[in-house]
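Have a look at the structure below before the remarks.
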Amino acid sequence: MNRQPLTVAVVGATGVVGRTMIQILNEREFPVGELRLLASGRSAGRTVSIDGRTLEIGEAVPEAFVGVDIALFSAGADASRELAPAAVAAGATVIDNSSAWRMDDAIPLVVSQVNPHDLEGHPGIVANPNCSTMQLAPVLMALRDAVGLERVVVDTYQSVSGTGADALAELEGQVRAHVAGEEPVASVYPHPIAFNALPEIDVFLDNGYTKEEWKVVSESRKILGMPDLRVSCTAVRIPVFVSHSEAVHVETRDPVDPDRARELFAAVPGVIVQDEPGEHRYPLAIDAAGHDEIYVGRVRRDISIGDDLGLAFWVVSDNLRKGAATNAVELAEILHERDWIRPASMRGAVPYRAPGAGRSLDAAEATA
Ligand SMILES: NC(=O)c1ccc[n+]([C@@H]2O[C@H](COP(=O)([O-])OP(=O)(O)OC[C@H]3O[C@@H](n4cnc5c(N)ncnc54)[C@H](OP(=O)(O)O)[C@@H]3O)[C@@H](O)[C@H]2O)c1
């Protein structure tokens, strides 16, 4: 890897994803010359301790990006919409974790193992997918490339860390209240999350899906370069601290049996097959937490589809790591390695254009 040190900003540095980003930059020995930690005005002046060094949090304002090479954003969509263009104008390239830019036809939406080539034409902003889509895309890629994809149905079981620091505290508080025989207090979610399952993540759209479910539909199509792929999703929040789990049902174009599917999954970098049901071995949220890999198991024929054209399986990954921070740092590594940090227009590269761009497929279907 190009070891030239870079000035890196982390925006949202006090949040659960931002803190994981700082940890992963360190773990992967990303060549950071200067690290600027930024958050809202509420946190400015606070300090954080990293590897024995004390760093002060600055306020994320446009001037804070002067001299920054790469800015890793995880501060929510409003902050990204407002600050990412200012960061680009100041000369930084933004890798954004929010939903603000993901479905913009000019912005590449990239999973490191799936479509790193899409980074080449970036205009200064690169989008990191939603955590549920992130762990699904490399697994679907394996089937797309070998046997073709016709239809995908995904049901998610998502941890509370996907909502952020307040939700972690809420689950903990409700568990403690239960043990103490007290009433649970719900403020982050509309209902108690402890000992419950909530089929509502993000806001409801006119078509009856939630925005989270719609992200899985539209982001998967964009990342896989399959704008017409038939995808459906039900997203459920469950009382797990870290790692999202997904039950996936796929209809393929060509026949595939479970053994071949396991081989295809295991060949994808960063994907581990754990599939010995007789030994009670299958992917678990608590095992995946703290790891960067995507775990796949319970691979079997979907008996509702004939001719070996249907598969069912279970996919688990740490939503804070591969689902957010690890992928963002991997994208930064690719940009640095390939000398693609500057926007395409400054390198004479062809600008990125999303597959099926201009059809407004996303908005039209979402409100259908
Ligand atoms: N959690 C996940 O699994 C996950 C996965 C993928 C993507 N994401 C995305 O990552 C982002 C952050 O998520 P999180 O889970 O880390 O949330 P979080 O724990 O609630 O942290 C939010 C962070 O954003 C900062 N922030 C809020 N408003 C800001 C503003 N106007 N200007 C600058 N900084 C601001 C906060 O700073 P203060 O401390 O100063 O308020 C805090 O550092 C969201 O866009 C989320 O959708 C999260």
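Observations, loosely collected:
- Beta carbons closer than 6 Å, at least 6 apart along the sequence or on distinct chains, pair a first residue in the range 91-104 that is closer than 18 Å to Leu331 by Cα with a second that is of a type in the set (D, E, K, R) and surrounded by fewer than 24 Cβ atoms within 10 Å (Cβ to Cβ) for Ala100/Arg81; Met103/Asp362.
- Residues of the range 214-268 classified as touching a Gly at 6+ places or on another chain (Cβ under 9 Å), outside any strand (DSSP E or B) and closer than 25 Å to Val17 by Cα, total: 4
- Comparison of Pro5, Pro62, Pro108 shows that the only residue that is away from the ligand (no atom under 12 Å from the Cβ), touching a residue at least 12 places away in the same chain (Cβ under 8 Å) and out of contact with any Phe, Trp or Tyr (no Cβ under 9 Å at 6 or more places or on another chain) is Pro5.
- Selected residue [small (Gly, Ala, Ser) and assigned to a helix (DSSP H, G or I)] from Ala87, Ala13, Ala44, Ala9: Ala87
- When Pro184 is tested against (1) in contact (Cβ under 8 Å) with a residue 24 or more places away in the chain; (2) over 20 Å from the mean Cα position of the chain (by Cα), exactly one condition is not met: (1).
- When residues of the range 261-278 are limited to those that are over 17 Å from Lys322 (Cα atoms) and without any contact (Cβ under 8 Å) to a residue 40 or more places away in the chain, the one surrounded by the fewest Cβ atoms within 10 Å (Cβ to Cβ): Gly278
- If only residues of the range 65-89 that are of a type in the set (A, V, I, L, M, F, W, C) and without any contact (Cβ under 8 Å) to a residue 40 or more places away in the chain are counted, the one that is nearest to the ligand (Cβ to nearest atom) is Ala77.
Quick grid of which residues meet (1) farther than 20 Å from Val153 by Cα; (2) of a type in the set (A, V, I, L, M, F, W, C):
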{"residue": "Ala288", "(1), (2)": "yes, yes"}
{"residue": "Glu293", "(1), (2)": "yes, no"}
{"residue": "Val315", "(1), (2)": "no, yes"}
{"residue": "Glu330", "(1), (2)": "yes, no"}
{"residue": "Arg338", "(1), (2)": "yes, no"}
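- Filter result for the condition that a residue is within 18 Å of the chain's Cα centre (by Cα), farther than 22 Å from Val316 by Cβ and part of a helix (DSSP H, G or I), over Asp104, Asp118: Asp118
- Selected residue (criterion: nearest to the ligand (Cβ to nearest atom)) from residues of the range 330-345 that are touching a strand residue (DSSP E or B) at 6+ places or on another chain (Cβ under 9 Å) and more than 15 Å from Pro5 (Cβ to Cβ): Leu331
- Restricting the range 32-50 to residues that are more than 14 Å from Ala71 (Cβ to Cβ) and surrounded by 17 or more Cβ atoms within 10 Å (Cβ to Cβ), the residue that is farthest from the ligand (Cβ to nearest atom): Val48
- Residues (crowded, with 21+ Cβ neighbours inside 10 Å and either among the acidic types (Asp, Glu) or under 22 Å from the mean Cα position of the chain (by Cα) (or both)) located in the range 67-80: Asp69, Ile70, Ala71, Leu72, Phe73, Ser74, Ala75, Ser80
- In the range 273-328, the residue that is modelled with the lowest pLDDT out of those that are over 24 Å from Arg28 (Cα atoms) and among the small types (Gly, Ala, Ser) is Gly306.
- When residues of the range 303-321 are limited to those that are closer than 20 Å to Pro277 by Cβ and surrounded by 18 or more Cβ atoms within 10 Å (Cβ to Cβ), the one nearest to the ligand (Cβ to nearest atom): Ser317
- The single condition among (1) more than 22 Å from Trp214 (Cα to Cα); (2) within 8 Å of the ligand (Cβ to nearest atom); (3) surrounded by 20 or more Cβ atoms within 10 Å (Cβ to Cβ); (4) not aromatic (Phe, Trp, Tyr) that Gly124 does not satisfy is (2).
- Looking across the range 10-23 at every residue that is within 15 Å of the chain's Cα centre (by Cα) and more than 6 Å from the ligand (Cβ to nearest atom), the one that is surrounded by the fewest Cβ atoms within 10 Å (Cβ to Cβ) is identified as Thr20.
- Screening the candidates Leu55, Leu38 for the property of being in contact with a helix residue (DSSP H, G or I) (Cβ under 8 Å, 6 or more places away or on another chain) and outside any loop (DSSP other than H, G, I, E, B) yields one hit, Leu38.
Residues are listed down the side, and each one gets a yes or a no for (1) surrounded by 24 or more Cβ atoms within 10 Å (Cβ to Cβ); (2) over 22 Å from the mean Cα position of the chain (by Cα); (3) among the hydrophobic types (A, V, I, L, M, F, W, C):
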position: Gly52; (1), (2), (3): no, yes, no
position: Leu55; (1), (2), (3): no, yes, yes
position: Glu59; (1), (2), (3): no, yes, no
position: Pro62; (1), (2), (3): no, yes, no
position: Phe65; (1), (2), (3): yes, yes, yes
position: Glu82; (1), (2), (3): no, no, no
position: Ala87; (1), (2), (3): yes, no, yes
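- Taken over the range 293-314, the residue count meeting the criterion of being within 18 Å of the chain's Cα centre (by Cα) and free of Cβ contacts under 8 Å to residues at least 40 places away in the same chain is 2.
The values are calculated or read from the model by the stated rules, or taken from the named source; none is laboratory data. Computed from a predicted structure; not experimentally measured. Quick reminder, even Gly has a Cβ in these numbers, built from the backbone with ideal geometry, and neighbours come from all protein chains shown.
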